[in-house]
Structures are given as C-alpha cells and as structure tokens.
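Visitor: Here it is, the structure, as structure tokens.
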Amino acid sequence: MGLPFRALALLLLQLLFLCLLQTARAEDLYNISNVGSRKQERACNLFQGRWVFDPSLPLYESSSCPFIDPEFNCQKYGRPDRSYLNYIWKPDLCDLPRFDGLELLRRWRGKKIMFVGDSLSLNMWQSLTCMILASAPKAKTSIVRRDSLSTVIFQDYGVSVLLHRTPYLVDVVKERVGRVLKLDSIEGGSVWKGMDVLIFNSWHWWTHTGRSQPWDYVQVGNTVKKDMNRLEAFYQGLTTWARWVEMNVDPSKTSVIFQGISPTHYEGKDWNQPRRSCNGESVPLSGSLYPAGTPPAAEIAKRVLSRMRTPVYLLDITTLSQLRKDSHPSIYSGEHAGTDCSHWCLPGLPDTWNQLLYAAFTV
C-alpha cells in the first residue's frame with residue numbers, strides 16, 4: 001500500500017509542478033515586462049481594468065504636433081465633441097504611471113526605436129512622437145518621411161524613432177504570375193537589424209480582399225494558391241516572423257514588443273447595438289469586458305508568442321481598445337472617404353498604448 005501511494009503522490013506533485021510552470025509562463029508573457037529596469041508586480045495586470053474620465057487629458061493638442069497625418073487629425077477635420085480625449089485607462093490593481101517623455105528620452109539616449117507593421121503602427125508611431133515632443137517642447141527634431149521608412153530624430157538626445165511600413169511582416173514579391181504573398185519569407189527584415197527596440201504589429205491587412213488586397217497569390221513552401229483561410233495565413237506568417245526574431249535578435253541588446261491586435265468597430269452587434277457603428281459614438285463602453293469576446297487573431301498572436309524562446313513583451317491592447325468604440329476618426333478623417341472605424345484619432349487611444357509601452361520600460 002505504501003509504495004503505490006507514494007508513487008501516486010509523486011505523480012500528483014509532478015502534475016501540480018507542470019500546472020504552475022504553465023501559469024508562470026503565461027504570466028511571463030502577459031503580466032511581466034522583460035524590457036524595463038525591473039519586472040512588473042505579478043499581482044498587477046496593466047491590461048485588465050476600465051476607462052475613467054480624467055479632465056487633465058489629453059497630453060497634447062493635435063494643433064501643436066507636426067507629426068500627425070490628416071487621417072488621424074479628427075479635431076482639425078470637424079469632429080464636434082472632445083470627451084473622447086478625456087478618458088484614462090485604470091488597471092484594476094495598480095496605477096498606470098504618468099507618461100514622462102523626458103524620462104523616456106534619457107533612458108533611450110543614443111538608441112534607435114523602430115515600429116514595424118501597418119497603419120496601426122503608423123498610428124502608434126505618430127502618437128509617441130507627439131507625446132515625447134509635448135514633454136520636451138524645446139527639443140530639436142528632424143523628420144524624414146518615405147513610403148516605407150520614416151524617422152523622427154530627437155537630436156539633443158540622439159534618439160531615433162523609426163517606422164517601417166510592412167503590413168504583413170512577411171514578403172510580398174512581384175513575380176511573373178503577379179504579386180505573391182510569401183508566408184515563409186522575410187527578406188525585408190534586414191532593415192530591422194541594429195535596432196535597440198523593435199515594436200511589431202500585423203493583422204489589419206490580412207483581412208483585405210478584392211481591390212484593397214495588395215497581392216494576387218499566396219505561397220507556402222513550394223505551394224502557390226490563389227487564396228487560403230486568412231487566420232491560417234496569419235498564423236503561418238506570424239510563425240515565420242517568430243523564427244526571424246529567434247534567429248536574428250540578441251535579447252541582451254534588443255528589446256522586442258508585439259503591439260497586439262487593434263480592433264475595429266464597424267458592427268454594433270459586437271457591443272449589443274446592432275444598428276450602430278463607431279460613427280456618432282462619444283463615450284467608451286463601461287466595465288472591463290467586451291460583449292463579442294476576444295478576436296481569433298489575438299488568440300493566434302498569443303499562441304505564437306507563447307512558443308517563442310526569445311522573450312517578446314506582448315502589449316496586450318486588444319480588450320482595452322475594444323471598449324473604445326468612441327475613439328475612431330469615423331467621418332472626421334482628412335484622407336479616408338466614408339467611415340473609418342479601424343484607425344484612431346490623435347490625440348486619442350494610441351496615447352494609452354504608448355503609456356503602457358512607457359510602463360513596460362519604467363515600472
């Protein structure tokens with residue numbers, strides 16, 4: 001009786017250890033920063049909380065920031081309300097540190113920070129440069145804008161904040177048959193090398209079809225198809241990106257962040273108002289849960305990141321952004337015709353993304 005009992009007890013202890021290990025790995029991915037000076041408190045998940053009104057916001061005005069594109073400049077293009085500018089993210093178990101652009105410039109002195117991805121990366125890049133400039137209004141800056149690579153330099157500190165526009169992260173190559181989305185190739189990743197911080201993002205363009213789709217075929221290995229399931233394609237492409245990071249990034253020299261999946265608000269049924277879209281919305285959803293739940297793309301991103309050996313910090317913006325149906329340009333965009341419920345006004349929600357990024361480096 002004694003021997004079988006001890007064997008059973010040992011087996012139960014092993015199972016308990018495996019469960020605890022899995023929990024610890026999950027916490028390492030979602031709740032603990034590997035990029036700052038010290039780790040976040042395990043008790044505080046910065047991405048779980050609610051939106052509260054704060055009259056001291058916004059941190060800057062669009063009229064005072066030269067980096068904002070017309071598509072995000074909602075106040076300039078006629079948005080009549082301002083209440084969407086006055087909401088701050090409040091984590092349940094702690095306070096989000098107030099953004100200090102001067103502190104960030106000091107920490108990043110002489111460094112290169114690159115955003116990599118689609119127009120949501122553009123959204124976040126412009127937000128961060130505006131926030132830093134508001135903290136250091138006398139700082140000397142220069143900006144170079146090109147189709148795929150743009151840079152803002154804060155010259156007094158030698159800080160370069162770059163943007164590389166590559167919506168799929170993997171390559172789109174022109175071949176004889178047409179434009180081919182190559183799910184297992186990242187030749188364009190050479191420009192990412194030598195950075196001190198890399199902030200990646202992708203998903204927005206994976207759903208595009210018809211004339212807005214910038215490729216004609218999709219290729220995996222030697223197999224070329226006219227199309228495939230977009231979530232499966234995203235998983236394949238993101239897995240290729242993960243391999244690139246593990247082969248090319250030295251985590252002792254470069255911090256890697258994945259921006260997370262930014263939601264859209266075209267269909268009001270997602271928040272139990274089926275006749276609505278983002279147009280005309282002026283307040284966030286209350287509470288901390290989104291009726292439609294987590295989008296499948298966010299689950300895929302978490303699955304890929306959880307299998308990586310190289311530490312990558314997930315800036316898990318999905319749920320907190322889902323609650324902000326009020327923060328899109330909607331019809332107040334200087335570039336997009338129709339209603340834009342994909343991007344975000346500046347100032348606006350991406351400022352919170354950057355406050356969370358700031359917390360990752362300072363908390």
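Visitor: Solvent-accessible area of GLU103, probe 1.4 Å, all protein chains present, reported in Å² to the nearest ten, please.
Guide: The accessible area comes out at roughly 50 Å².
Visitor: In region 242-328, what GluC sites (Glu not before Pro) fall in a loop by DSSP, with at most 16 other Cβ atoms inside 10 Å?
Guide: GLU267
Visitor: Here's another thing I want to ask about it. Counting only heavy atoms of the protein chains, get the accessible area per residue of the chain (1.4 Å probe) and round it to a whole Å² value.
Guide: Using a 1.4 Å probe on heavy atoms only, each residue of the chain averages 47 Å².
Visitor: Which entries in the list LYS90/LYS302; LYS174/LYS225; LYS269/LYS302; LYS182/LYS226; LYS182/LYS225; LYS112/LYS193 go over 19 Å, if you measure between the two C-alpha atoms of each?
Guide: LYS90/LYS302; LYS269/LYS302
Visitor: Would you mind classifying region 217-282 by shape? Square roots of the alpha carbon gyration tensor eigenvalues, ordered a ≥ b ≥ c; an a/c under 1.5 is rounded, otherwise it is prolate if a/b is larger than b/c and oblate if not.
Guide: oblate
Visitor: Measure out, as a whole number of angstrom, how far apart the alpha-carbon centroids of region 257-276 and region 140-157 sit.
Guide: Using only Cα atoms to place each centre, the spacing works out to 32 Å.
Visitor: Between region 60-83 and region 100-135, how many Å separate their Cα centres?
Guide: 18
Visitor: Still on this structure: Ignoring ligands, DNA and RNA, what percent of the 1.4 Å accessible area of the chain is carbon and sulfur?
Guide: 52
Visitor: List, in order, the whole-Hz ³J(HN,Hα) value for each residue of region 339-355 obtained from phi through the Karplus relation with A = 6.51, B = -1.76, C = 1.60 and θ = phi - 60°; use x for Gly and Pro.
Guide: Couplings: 10, 9, 10, 9, 8, 9, 5, 10, x, x, 3, x, 4, 5, 3, 6, 5 Hz.
Visitor: Now, a different point. How many nm separate the modelled label positions at SER286 and GLU335, each set 7 Å beyond the Cα in the direction of the Cβ?
Guide: Each label point is offset 7 Å from its Cα along the Cβ direction, giving 3.7 nm.
Visitor: What is the local net charge at LEU183, summed over the other residues whose Cβ is closer than 15 Å to its Cβ (Lys, Arg +1; Asp, Glu -1)?
Guide: It works out to a net charge of -1.
Visitor: Another question about this same structure. Count charges around GLU246 for me, please; just the other residues with Cβ under 13 Å from its Cβ, Lys/Arg as +1, Asp/Glu as -1.
Guide: Around GLU246, the charge tally is +2.
Visitor: When the chain is fully extended, how far beyond the present Cα-Cα distance does SER148 get from ASN272, taking 0.36 nm per residue of separation?
Guide: Full-extension gain reported as 40.8 nm.
Visitor: Let me ask another. Return the inverse of the average 1/r over all pairs of distinct C-alpha atoms in region 58-173, which is the Kirkwood hydrodynamic radius, in Å to one decimal.
Guide: So the Kirkwood estimate lands at 15.7 Å.
Visitor: Rolling a 1.4 angstrom probe over the protein chains, ignoring ligands and nucleic acids, what is the accessible area of TYR60 in square angstrom, nearest 10?
Guide: Roughly 10 Å² of TYR60 is accessible to a 1.4 Å probe.
Visitor: Sticking with this structure for a sec: Give, as a single signed number, the net charge of other residues whose beta carbon lies under 12 Å from the beta carbon of TRP203, with Lys and Arg counted +1 and Asp and Glu -1.
Guide: Summing Lys/Arg as +1 and Asp/Glu as -1 gives -1.
Visitor: Looking at the square roots a ≥ b ≥ c of the eigenvalues of the Cα gyration tensor of region 197-319, which shape do they give, rounded for a/c under 1.5, prolate if a/b is larger than b/c, or oblate?
Guide: oblate
Visitor: Within 10 Å of each candidate Cβ there may be at most 13 other Cβ atoms; applying that plus a DSSP loop requirement, which trypsin sites (Lys or Arg not before Pro) in region 262-363 survive?
Guide: ARG275, ARG307, ARG309
Visitor: Taking loop as defined by DSSP and a crowding limit of 15 other beta carbons within 10 Å, which trypsin sites (Lys or Arg not before Pro) in region 164-208 fit?
Guide: ARG176, LYS193
Visitor: What shape does the chain have by the C-alpha gyration tensor, where a ≥ b ≥ c are the square roots of the eigenvalues, rounded means a/c under 1.5, and otherwise prolate means a/b greater than b/c and oblate the rest?
Guide: Judged from the Cα gyration tensor, the chain comes out rounded (a/c under 1.5).
The values are calculated or read from the model by the stated rules, or taken from the named source; none is laboratory data. Just so it is clear, the structure is predicted and the values come from calculations on it, not from any experiment. All Cβ positions, glycine included, derive from the backbone under ideal geometry; neighbour counts span all protein chains shown. Remember, those area values only see protein heavy atoms, side chains included, never the ligands or the DNA or RNA. Shrake-Rupley method; radii C 1.70, N 1.55, O 1.52, S 1.80 Å.
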